[in-house]
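Asks: The structure's right below; bear with me while I get my questions together.
The values are calculated or read from the model by the stated rules, or taken from the named source; none is laboratory data. The shown structure was predicted, so the numbers you read here are calculated from the model rather than taken from an experiment. For neighbour counting, all protein chains shown are included, and Cβ atoms are generated from backbone atoms with ideal geometry for every residue, glycine included. Please note that ligands, DNA and RNA were not included when accessible areas were found on the heavy atoms of the full protein model with its side chains. Shrake-Rupley method; radii C 1.70, N 1.55, O 1.52, S 1.80 Å.
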Amino acid sequence: ITNCTNEGSVTHTGSKSSMIGGIIAYQQGQSLVIENCVNTGTVSTAIGTAGGILGRFGGDNDYNPEGIRTVTIKNCLNTGAVTGTTYVGGILGHARSAKVVIESCTNKGEIKAVYDNAEKKSGGKNDAGGIFGSTGSDNSTSTAAATKWYPCDLFIRKCINEGNVTCENGRAAGILSYSWCGGRNGGYPHSEVTDCVNKGTITAGSFASQILAYTNDTKAMEGGAPQPTQIKNCVGLGKLQRSATAAREEAKYYPVIFGLSSSKYATNYDVLLTIVENDGLGWYAYSEGTEANRVPLANAPADKLFIKSAAEAEAAAKALGQIGYVAPQSTNPSQPTGDTAVWVLVIAGVSLLGMGIALKARKA
C-alpha cells in the first residue's frame, strides 16, 4: 500500500469490538508493506483497537510454519486524533504473532485509550502509544501448532511522536506502550526502539513512559538465552503524569523508563536514553512481580540514562539527524517535480506563445 492519503473521518459506533485504521483496518494471513501514506482524518471506535495508519495486523491463531509474517510501515504520517478502548496507536494499534518494522514515521495526532465498561470487566489494562499501541503473540490450543508459541520481533526506528498520549486506566508511552512476545524452537523474541523522539505529554493510569511503558519479552523460552529489550539513542522531550480518571489507586501509577512483568532479567535491558529534567519520572524500572527489579530513578545506571536541561535534550534530539516522515516527491505525471517541472513550464509557455501568434494571424 503506497502513496495513499485519507482525509475523512473513520468511525465505529457499534456495541461489538472493532479494529479500525486511517488507511487499513485489519490485515491477516499475508505480509504487508505500507509506505509513504498519510492520514489526516479522525479515527475513533466506541470499543476496540484503532491505529492512525493501520488498526491491527495478524490474527490470534495466525501461525505460519513457513516463517513469521512481517508488517512494515515506512515513512508514514498521522495527524488525526485516534481513539479506542483496547490498543491504540498513532501509526499502528496492535500486531499479533508477527514481526513488526516501523521506520521513519511521525504522529502528530492526539492518541487516547478511554476507560469504558468493557475495559472495567477486563481490569482496564489497555494501551496507548504515540507510534505503536501493543504487540503480542498467541499460543492458542485451537490450532494444530498448539504446543508452539508464535514468535515475534519488533523494530521501531527513527520515529517521532509529537501528539499527547492518554490511557485513562492503563499503560501509555510516547513510542511503544506494550511489547509482549513468546517464541520456541529458536524463535526467541526481541524488541528494539532506536533513534526515536517523544515530544508529547504522556498520561496514564498505570505505567507511563516517554519511550516504552511495559515489556515482558526477556523471558527465555525452552532454556534459550533471553533476548534484551533495547532502547537505543532515544530522546524524551515530553512529560509524564497520572490520569485524573484512573480507576486504580494512586500507588499503582508508575512513571518509568520501562515497566516489567515478573521477568527475572532486568540486567538484560539495554538502554541509552536522554530525557528532559522534571519530566515526572519516578522509576528507572518497575516490575510488578519481582521486587529485585524495581529500580528507583536515583539508582539508574549513569552510563545509560542522561537527564538534561530542555536545551540540552533538544540538542540531543537534533543530533539524531533526519527522523520521522518526509513528504515524497510526486510520482503523478500531472504533478511533476524538479527539472521535469521546469521543462513542463517551458513547453507550456512556448505552446501558449504559439497559440497567441496563431490567433493573432487568424484575426489579421
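Asks: Keeping to segment 1-52, report how many residues are crowded, with 24+ Cβ neighbours inside 10 Å and more than 17 Å from the chain's Cα centre (by Cα).
Replies: Summing the residues that are crowded, with 24+ Cβ neighbours inside 10 Å and more than 17 Å from the chain's Cα centre (by Cα) in segment 1-52 gives 1.
Asks: Determine whether residue 313 is out of contact with any helix residue (DSSP H, G or I) (no Cβ under 6 Å at 6 or more places or on another chain), open to solvent by less than 90 Å² (accessible area, probe 1.4 Å), at pLDDT 90 or above and aliphatic (A, V, I, L, M). Give the derivation first.
Replies: On the way: out of contact with any helix residue (DSSP H, G or I) (no Cβ under 6 Å at 6 or more places or on another chain): yes; open to solvent by less than 90 Å² (accessible area, probe 1.4 Å): yes; at pLDDT 90 or above: yes; aliphatic (A, V, I, L, M): yes.
It is true that residue 313 is out of contact with any helix residue (DSSP H, G or I) (no Cβ under 6 Å at 6 or more places or on another chain), open to solvent by less than 90 Å² (accessible area, probe 1.4 Å), at pLDDT 90 or above and aliphatic (A, V, I, L, M).
Asks: So which pairs qualify, if the first residue must be in segment 85-105 and more than 25 Å from residue 205 (Cβ to Cβ) and hydroxyl-bearing (Ser, Thr, Tyr), the second must be open to solvent by 30 Å² or more (accessible area, probe 1.4 Å) and in a strand (DSSP E or B), the Cβ gap must be under 9 Å, and the two must be at least 6 apart or on different chains?
Replies: 104/74; 104/157
Asks: For residue 36, indicate whether it is among the polar types (S, T, N, Q) and at pLDDT 95 or above. Break it down into steps so the answer makes sense when it comes.
Replies: Numbers: among the polar types (S, T, N, Q): yes; at pLDDT 95 or above: yes.
Criteria met by residue 36.
Asks: Tell me which residues, restricted to segment 292-303, are part of a loop (DSSP other than H, G, I, E, B) and open to solvent by 60 Å² or more (accessible area, probe 1.4 Å). Working first, answer last.
Replies: So the first thing to find is which residues in segment 292-303 are part of a loop (DSSP other than H, G, I, E, B), and the list is 294, 300-303.
Those that are part of a loop (DSSP other than H, G, I, E, B) and open to solvent by 60 Å² or more (accessible area, probe 1.4 Å): 294, 302, 303.
Asks: Specify the residue that is least open to solvent (accessible area, probe 1.4 Å); the eligible residues are those in segment 241-291 that are modelled with pLDDT under 85 and aromatic (Phe, Trp, Tyr).
Replies: Top of the filtered list is 269.
Asks: Sticking with this structure for a sec: Pairs, please: C-beta under 6 Å, at least 6 apart or cross-chain, first residue more than 28 Å from residue 14 (Cα to Cα) and in segment 32-49, second assigned to a strand (DSSP E or B) and open to solvent by 20 Å² or more (accessible area, probe 1.4 Å)?
Replies: Between residues of segment 32-49 that are more than 28 Å from residue 14 (Cα to Cα) and residues that are assigned to a strand (DSSP E or B) and open to solvent by 20 Å² or more (accessible area, probe 1.4 Å), the close pairs are 33/72; 35/2; 35/74; 36/2.
Asks: Right, next: Out of the residues in segment 81-99 meeting the condition of being of a type in the set (Val, Ile, Thr) and buried (at least 24 other Cβ atoms within 10 Å of the Cβ), tell me which one is nearest to residue 23 (Cα to Cα). Break it down into steps so the answer makes sense when it comes.
Replies: Taking segment 81-99 and keeping what is of a type in the set (Val, Ile, Thr), we get 82-83, 85-86, 88, 91.
Next, from what is left, pick out any that are buried (at least 24 other Cβ atoms within 10 Å of the Cβ): 82, 85-86, 88, 91.
Working: 82: 12, 85: 19, 86: 19, 88: 15, 91: 10 Å.
So the residue we want is 91.
Asks: Is it fair to say residue 236 is at pLDDT 85 or above, surrounded by 21 or more Cβ atoms within 10 Å (Cβ to Cβ) and under 24 Å from the mean Cα position of the chain (by Cα)? Explain how you work it out, then say what you get.
Replies: On the way: at pLDDT 85 or above: yes; surrounded by 21 or more Cβ atoms within 10 Å (Cβ to Cβ): yes; under 24 Å from the mean Cα position of the chain (by Cα): yes.
So residue 236 fits the description; yes.
Asks: Answer yes or no as to whether residue 55 is touching a Leu at 6+ places or on another chain (Cβ under 7 Å) and either open to solvent by 30 Å² or more (accessible area, probe 1.4 Å) or within 28 Å of residue 204 (Cα to Cα) (or both). Explain how you work it out, then say what you get.
Replies: Working: touching a Leu at 6+ places or on another chain (Cβ under 7 Å): no; either open to solvent by 30 Å² or more (accessible area, probe 1.4 Å) or within 28 Å of residue 204 (Cα to Cα) (or both): yes.
In short, no.
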